[in-house]
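Asks: Sharing a structure here in structure tokens format.
The values are calculated or read from the model by the stated rules, or taken from the named source; none is laboratory data. Computed from a predicted model, the values in this text were never measured in an experiment. As a convention, Cβ positions derive from the backbone with ideal geometry for all residues, glycine included, and neighbour counts pool all protein chains shown. For accessibility, only protein heavy atoms count, side chains too; no ligands or nucleic acids. Shrake-Rupley method; radii C 1.70, N 1.55, O 1.52, S 1.80 Å.
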Amino acid sequence: MRVLNTKNYEEMSALAAEIIGAQILLKPRCVLGLATGSSPIGTYQQLVREYQAGRLDFSCVRTVNLDEYCGLPAGSPHSYRYFMDHNLFNHVNIRLENTYLPNGTALDMEFEAQRYEMQIENLGGVDLQLLGIGHNGHIGFNEPSDSFPPTVHPVRLTSSTIHANSRLFDRIEDVPTQAITMGVGTILKAQRILLIAGPDKGEIVKKALYGKVTPQIPASVLQLHRDVTVITCEEA
Ligand code: F6R
């Protein structure tokens, strides 16, 4: 595992974008695993700048996102599809049909979970998976539990995650209580993993990277992966 310490959010984002950009240059038809949330916004902005400067070409890139809320109406500004379109996809030359997220409006979530897992496999697996980390150590929507979920699955969100995510909604009652997420096993199948941890994540990153590997801190499983890069902020 490589831990790269940067001064602040801007430097963390620039470095993450460099690593993702290098992946695209090395393999133009790569499959990128992507995340939503506050952590990757700066990274996506930097990728857009690189594209606008003519240094990156997304025309052959495929993407699979970690997760999606369940039950939001199509086009909801709170959906992760909307987030990805507005923060990255609409600003680069990626083909929208090459961007995949779980379908949070599917009628049968168990079936949708199996379908999405197969979809990732059919694309040839993820070359580089970008991750953020929750304050409780969650990755994707894999919350602390007694075991590591192996595959894509529907989840009931914990009150701490609902609370953390409510900052983006008008009322806490509007936050969906269910989501669909890649499993820890799905994430570990990526060839390479890039975890970005903003200034507020110092404590949990230390526990996850240097503590014992336990499903009570889902990100701790990254200690077992052969190619993980973690970018932290000095302020953390
Ligand atoms: C987002 C995701 C989550 C976030 C995590 C950190 O797709 O899967 O695991 O990465 O909740 O969120 P932020 O970056 O908002 O602190």
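Asks: Let me confirm something: among L157, L130, which residue is without any contact (Cβ under 8 Å) to a residue 24 or more places away in the chain and under 27 Å from L222 (Cα atoms)?
Replies: None of the other options fit; the residue is L157.
Asks: Which count do you get for residues in the range 200-217 that are within 18 Å of E10 (Cβ to Cβ) and open to solvent by less than 50 Å² (accessible area, probe 1.4 Å)?
Replies: Count: 2.
Asks: Still on this model: With (1) modelled with pLDDT of 95 or more; (2) more than 21 Å from E18 (Cβ to Cβ); (3) within 19 Å of the chain's Cα centre (by Cα) as the list, and V213 as the residue in question, which single condition is left unmet?
Replies: If we test V213 against (1) modelled with pLDDT of 95 or more; (2) more than 21 Å from E18 (Cβ to Cβ); (3) within 19 Å of the chain's Cα centre (by Cα), just (3) comes out false.
Asks: Could you figure out which of (1) among the small types (G, A, S); (2) in contact with a helix residue (DSSP H, G or I) (Cβ under 7 Å, 6 or more places away or on another chain); (3) under 21 Å from Q191 (Cα atoms) isn't true of A22?
Replies: All conditions pass for A22, except number (2).
Asks: Something else: So how many residues does the range 170-186 have that are open to solvent by 20 Å² or more (accessible area, probe 1.4 Å) and touching a residue at least 40 places away in the same chain (Cβ under 8 Å)?
Replies: The qualifying residues number 2.
Asks: Go over the candidates S160, S166, S147 one by one and state the one that is surrounded by fewer than 18 Cβ atoms within 10 Å (Cβ to Cβ), small (G, A, S) and modelled with pLDDT of 95 or more.
Replies: After ruling out the rest, the residue left standing is S147.
Asks: While we're here: Residues of the range 106-139 being among the small types (G, A, S) and under 20 Å from C233 (Cβ atoms), which ones?
Replies: The answer is G132, G134, G137.
Yes or no, residue by residue, for (1) of a type in the set (A, V, I, L, M); (2) under 15 Å from E18 (Cα atoms); (3) more than 16 Å from the chain's Cα centre (by Cα):
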{"site": "Y51", "(1), (2), (3)": "no, yes, yes"}
{"site": "D67", "(1), (2), (3)": "no, no, no"}
{"site": "R95", "(1), (2), (3)": "no, no, yes"}
{"site": "D108", "(1), (2), (3)": "no, no, yes"}
{"site": "V126", "(1), (2), (3)": "yes, no, no"}
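Asks: A further question on this structure: Go through (1) modelled with pLDDT of 95 or more; (2) within 16 Å of the ligand (Cβ to nearest atom); (3) under 26 Å from V184 (Cβ atoms) for D85 and report which single condition fails.
Replies: (3)
Asks: Of these, E117, E97, which one is surrounded by 18 or more Cβ atoms within 10 Å (Cβ to Cβ) and more than 21 Å from G37 (Cα to Cα)?
Replies: E117
Asks: Being open to solvent by less than 10 Å² (accessible area, probe 1.4 Å), over 20 Å from Q119 (Cβ atoms) and more than 10 Å from the ligand (Cβ to nearest atom) is the filter here; which residues of the range 20-55 pass it?
Replies: I20, G21, I24, G42, T43, Y44, L47
Asks: A further question on this structure: Taking the condition of being touching a Leu at 6+ places or on another chain (Cβ under 6 Å), under 20 Å from D108 (Cα atoms) and surrounded by fewer than 23 Cβ atoms within 10 Å (Cβ to Cβ), how many residues in the range 56-79 meet it?
Replies: Counting residues in the range 56-79 that are touching a Leu at 6+ places or on another chain (Cβ under 6 Å), under 20 Å from D108 (Cα atoms) and surrounded by fewer than 23 Cβ atoms within 10 Å (Cβ to Cβ) gives 1.
Asks: Here's a follow-up. Which one of the conditions (1) under 15 Å from M1 (Cβ atoms); (2) assigned to a strand (DSSP E or B); (3) within 13 Å of the ligand (Cβ to nearest atom) does L222 fail to meet, given that it meets all the rest?
Replies: Unmet condition: (2).
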